[in-house]
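The values are calculated or read from the model by the stated rules, or taken from the named source; none is laboratory data. The shown structure was predicted, so the numbers you read here are calculated from the model rather than taken from an experiment. Note that each Cβ is placed from the backbone with ideal geometry, even for glycine, and that neighbours are counted across all protein chains shown. Note: areas computed on protein heavy atoms with side chains; ligands, DNA, RNA excluded. Shrake-Rupley method; radii C 1.70, N 1.55, O 1.52, S 1.80 Å.
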Amino acid sequence: MKKLLVATSLCIASISASAALIVPKYDVAAGQKIVENNCAACHGMTGVSVVPTQPNLGGQNVRYLFKQLRDFKTGYRVNGIMQAQISALSEQDLANVAGYFSQQKPWGAFAGNPATAAEGSKLFLGGDKKRGVIACAGCHDPKGLGNGYAGFPRIGGQHPEYLGIQLKAFRAAGREDDVTRDQKRINDSAKEGDKGMMQVVASRLSDRDIKVLSQFIGAVH
């Protein structure tokens with residue numbers, strides 16, 4: 001029970017921090033031009049990526065997209081390719097890109113793995129009280145649609161490979177694994193040094209958990 005109360009408190013704190021983020025008024029047409037030059041090669045012109053390790057972005061909520069772009073810009077979230085692509089972009093440019101992708105048609109979903117679907121569904125919808133793992137659906141919606149107000153991302157139908165990479169990166173940060181900074185993801189917390197919601201939850205996931213969750217979430221639509 002204590003673990004679940006801590007996780008719930010972190011969830012509330014995450015909502016408060018994300019909801020406080022103000023996205024500047026954006027220009028979709030200006031964002032499209034930037035996407036053509038800087039983003040389309042990896043994420044597709046409409047935000048549908050053909051590279052399974054790169055996320056789909058079309059139809060993602062604008063608050064989440066803007067925050068991630070800002071975090072890449074500041075180095076709070078580390079990715080060399082992203083840093084290089086947006087290093088010369090202003091905060092307004094980032095808002096325009098986020099706004100453009102948010103207005104695109106949402107991506108679809110994958111077939112999933114029938115052999116692990118029940119196991120993945122149980123974790124996604126119900127969590128695991130014994131280990132203090134709260135249900136993913138609590139923040140990301142039972143259909144994986146996310147929460148635009150809170151800035152929680154749409155994850156249903158996302159590339160399973162990408163989901164697995166991110167869950168392991170959050171886990172590495174939550175467990176304070178001795179790996180390089182680019183193998184950790186800490187930007188779920190309001191400031192560096194704090195443990196955010198995803199770090200806490202992912203720190204309790206096994207490789208098997210991450211595999212079945214990624215496969216299940218990739219098929220949610």
Which of rounded, prolate, oblate describes the range 26-101, given a ≥ b ≥ c as roots of the alpha-carbon gyration tensor eigenvalues and a/c under 1.5 marking rounded, otherwise prolate only if a/b is larger than b/c? rounded
For the chain, what are the DSSP H helices with axial Cα length of 20 Å or more and mean Kyte-Doolittle hydropathy of at least 0.0? 2-19, 160-174
So the compactness index of the range 84-221, its C-alpha Rg divided by 2.2 N^0.38 Å, takes the value 1.10
Looks like the range 72-115, by Cα gyration tensor root eigenvalues a ≥ b ≥ c and the a/c under 1.5 rounded cutoff (else prolate when a/b is bigger than b/c, oblate otherwise), is oblate
For the range 99-182 the mean separation of alpha carbon contacts under 8 Å (6+ apart) over residue count, i.e. relative contact order in percent, is 18 percent
For the chain, dividing by residue count, accessible area per residue (probe 1.4 Å) in Å² works out to 50 Å²
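Relative contact order, percent, of the chain when contacts are C-alpha pairs under 8 Å separated by at least 6 residues? Please list the in-between numbers first.
Numbers: 398 pairs, mean separation 56.7, N = 221.
Reported as a whole number, the value is 26 percent.
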For residue 72, the accessible surface traced by a 1.4 Å probe with all protein chains present amounts, in square angstrom to the nearest 10, to 20 Å²
Residue farthest toward the positive end of the dipole of the range 112-217, with Cβ of Lys/Arg at +1 and Asp/Glu at -1: which of 126, 203, 189? 126
If DNA, RNA and ligands are ignored and the probe is 1.4 Å, what is the ranking of 45, 82 by accessible area, most exposed first? 45, 82
For the chain, which span is the longest to avoid every loop-located (per DSSP) member of GluC sites (Glu not before Pro) having at most 16 other Cβ atoms inside 10 Å? 1-175
